[in-house]
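A.B. asks: For reference, the structure I am asking about is given below.
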Amino acid sequence: MKTITNYLNIEHWLLVIILLLTFLLRFPSLFEPFWYGDEGIFAAVARNLNLGGVLYETAWDNKPPMIYLTYQAIFNVFGVSMFWLRLVTIVVVLATATIIYEIAQATIGVRRALAAAAIFGFLTSLRIIEGNLALTEIFMILPITLAMMIAIKRKFDYASLFFGGALFAIGSLYKQVGVLEAAALGIYLFLVTDKFLEFFKKGLVLTAGFLVPYATIVLYFAPKNLLADYIFAAYTYYQIYLEESPQYLIFINISKVLPIVAAVGYGL
């Protein structure tokens, strides 16, 4: 009788080892007491939602909605617990590392794919950069990498671009910069597509997929007269940060375009 070991080669075993080491790096976070304010705010908003509250009305914070909905779902399924919150975060990181491996091995080779998965697992587990916490950045990366993997595996066909666009939007509903990843893919398609009409069609499909989650958001908040509150909380509120810390503006602007620069460089 064949077992799972019959289907695993050395590269797969190395990936398993990388994932195991990543888990071990993050294992202490399962028993770490609450200490970071953002997690507490996300949890408080999620708790309010579970008690029948309405986002941006009875509970307010300056983030897009997906992080609160994620906390809400975790608390609904497992109860209000830092252990389960951090365990789900570990699962998200391991899934993302695996997807990064799949993307990299399809584009730059197996060895570099293993290195990419290892680097991601290590860096996102460092306490010094708050990688071990259940924050928006960690959850944002999963749908974005999944979108890229689907698009690459299916050779950027229309179905993959539509679903990829929706996943990019979900990522940006965790953290706003996720929209730049969709823009980077659009620029890459422009560089590698021979016919402009074909690029235009693919761009429309990608955009259509991207708009679906946002249309859902609008349809939810508009009847409650909360659309302006959502826009302020998720987007325009951040102008306050820039006014308080103008010295960081240049670094923020540079970081915004890095995904696009990477796409252009790879396409060339």
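A.B. asks: Any residue in the stretch 61-74 that is over 21 Å from ILE144 (Cα atoms), surrounded by 14 or more Cβ atoms within 10 Å (Cβ to Cβ) and at pLDDT below 95?
C.D. replies: Yes - at least one qualifying residue is present in the stretch 61-74.
A.B. asks: Confirm whether PHE120 is in a helix (DSSP H, G or I) and either farther than 14 Å from PHE23 by Cα or of a type in the set (Asp, Glu) (or both).
C.D. replies: no
A.B. asks: Can you tell me how many residues in the stretch 17-48 are part of a helix (DSSP H, G or I), under 19 Å from PHE78 (Cα atoms) and either acidic (Asp, Glu) or not assigned by the TED database to the domain that holds SER81 (or both)?
C.D. replies: First pass over the stretch 17-48, keeping only residues part of a helix (DSSP H, G or I): 17-31, 37-48.
Right, trim to under 19 Å from PHE78 (Cα atoms) and you get 27, 29-31, 39-48.
Subsequent filtering for residues that are either acidic (Asp, Glu) or not assigned by the TED database to the domain that holds SER81 (or both) retains 39.
Counting residues in the stretch 17-48 that are part of a helix (DSSP H, G or I), under 19 Å from PHE78 (Cα atoms) and either acidic (Asp, Glu) or not assigned by the TED database to the domain that holds SER81 (or both) gives 1.
A.B. asks: Which one is modelled with the lowest pLDDT, of the residues in the stretch 13-49 that are exposed (fewer than 14 other Cβ atoms within 10 Å of the Cβ) and more than 24 Å from GLU130 (Cβ to Cβ)?
C.D. replies: The residue in question is TRP13.
A.B. asks: Another question about this same structure. Which is over 16 Å from MET66 (Cβ atoms), surrounded by fewer than 17 Cβ atoms within 10 Å (Cβ to Cβ) and more than 10 Å from the chain's Cα centre (by Cα), of LEU197, LEU161? Step through it out loud before you land on a result.
C.D. replies: Details: LEU161 fails: surrounded by fewer than 17 Cβ atoms within 10 Å (Cβ to Cβ).
Result: LEU197 is the single residue among LEU197, LEU161 that is over 16 Å from MET66 (Cβ atoms), surrounded by fewer than 17 Cβ atoms within 10 Å (Cβ to Cβ) and more than 10 Å from the chain's Cα centre (by Cα).
A.B. asks: Could you please let me know if TYR158 is hydroxyl-bearing (Ser, Thr, Tyr), touching a residue at least 40 places away in the same chain (Cβ under 8 Å) and more than 22 Å from GLN105 (Cα to Cα)? Spell out how you get there, then give the answer.
C.D. replies: Working: hydroxyl-bearing (Ser, Thr, Tyr): yes; touching a residue at least 40 places away in the same chain (Cβ under 8 Å): yes; more than 22 Å from GLN105 (Cα to Cα): yes.
Yes; evaluated as a whole, the condition is true for this residue.
A.B. asks: Moving to a separate point now. Can you tell me which residue in the stretch 46-101 is farthest from the chain's Cα centre (by Cα), limited to those that are among the basic types (Lys, Arg) and over 30 Å from HIS12 (Cβ atoms)? Show your work before the answer.
C.D. replies: Start the filter on the stretch 46-101 by keeping residues that are among the basic types (Lys, Arg), which leaves 47, 63, 86.
Among the residues that remain, those that are also over 30 Å from HIS12 (Cβ atoms) are: 47, 63.
Working: ARG47: 22, LYS63: 14 Å.
In this case the residue turns out to be ARG47.
A.B. asks: Scan the stretch 179-202 residue by residue and report those that are free of Cβ contacts under 8 Å to residues at least 60 places away in the same chain and either under 20 Å from MET149 (Cβ atoms) or outside any helix (DSSP H, G or I) (or both).
C.D. replies: VAL179, ALA182, GLY186, LEU189, THR193, ASP194, LYS195, LYS202
A.B. asks: Any residue at all in the stretch 145-157 that's surrounded by 17 or more Cβ atoms within 10 Å (Cβ to Cβ), part of a loop (DSSP other than H, G, I, E, B) and among the small types (Gly, Ala, Ser)?
C.D. replies: no
The values are calculated or read from the model by the stated rules, or taken from the named source; none is laboratory data. Predicted model, so just to flag it, every value in this text is computed and none were measured. Neighbour counts are summed over all protein chains in view; Cβ atoms, including those assigned to glycine, are modelled from backbone coordinates with ideal geometry.
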